Amino acid sequence: MVRRNPERRAALLDAAIEVLANEGARGLTFRAVDQQAEVPAGTTSNYFANRDEILMSVGARVYERLEPDEAVMAAVDEGPRDRARVTELMHEVVERVAAFPTGFLALLELRLEATRRPGLREVLTGRVRADLDFNVENHLKSGLPGDGTTVTLLWLALNWMIVERLTLPDLLTPEERHDLIDALVDRLA
């Protein structure tokens, strides 16, 4: 029987994110999630039928936690409609995502695992596509400079910049990352 306590389920998914980020996909077991969540053994199996269900649910949970809050979304519609505003927003995105490093690293693990699991690939592709479409749609509605291709290129470049920041933090200095975001927006928007 699958349990339906949404708070406990979210806490188990948060624990699974930590396990994925720290141990990789091979380390994601019911026991590891129970231990990370500090719950009695067997709790995770009461909420998820199998490991695949956990993997498919983790991606949605990461995106849920990465969503910008209402203040950030409202700020998109404030201020001038120029490249400087786009640059400011891109800096906010990078900082927000980098502030949840285990979430982004868990997503990288999920992407690697998706190369071996077609069901996970389908779910993850749909979720990532929805994220990209959301970003393009909001950008176009905002009246900020740049088209859908601009947003897609920014999205791809910033995602890789975050990968570098989290996996090889000494590759670029904070100043270099800052300047690269500025240059990226300047050249694309």
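Using a simple charge model, +1 on the beta-carbon of Lys and Arg, -1 on the beta-carbon of Asp and Glu, nothing else, what dipole does the chain show about its Cα centre, in debye to the nearest 20?
For the chain, the charge dipole is close to 920 debye.
How high is the FRET efficiency between A75 and E164 when r is their beta carbon distance and R₀ equals 35 Å, given to the nearest 0.05? Walk me through the numbers before you get to the answer.
On the way: r = 26 Å, r/R0 = 0.75.
With R0 = 35 Å, the Cβ-Cβ based efficiency is 0.85.
Assuming a viscosity of 1.567 mPa s and a temperature of 4 °C, what translational diffusion coefficient in µm² per second does Stokes-Einstein assign to the range 91-144, Rh being the Kirkwood radius over Cα pairs?
Taking Rh from Cα pairs, D becomes 102 µm²/s.
Please express the shape of the range 119-189 as an equivalent ellipsoid: the semi-axes are the square roots of 5 times the eigenvalues of the C-alpha gyration tensor, given largest first in whole angstrom.
That gives 23, 20, 7 Å for the three semi-axes.
Angle between the Cα long axis of helix 51-66 and the longest principal axis of the chain, 0 to 90 degrees, nearest 10?
Roughly 30 degrees, rounded to the nearest 10.
Highest GNM mean-square fluctuation, the chain, Cα pairs closer than 10 Å: which of T150, T87, T115?
Highest fluctuation of the listed residues: T115.
No lab work stands behind these numbers, since they all come straight from the coordinates. Being a predicted model, the structure only gives us computed values, none of them experimental. Please note: Cβ atoms are built from the backbone with ideal geometry, for glycine as well, and neighbour counts cover all protein chains shown.
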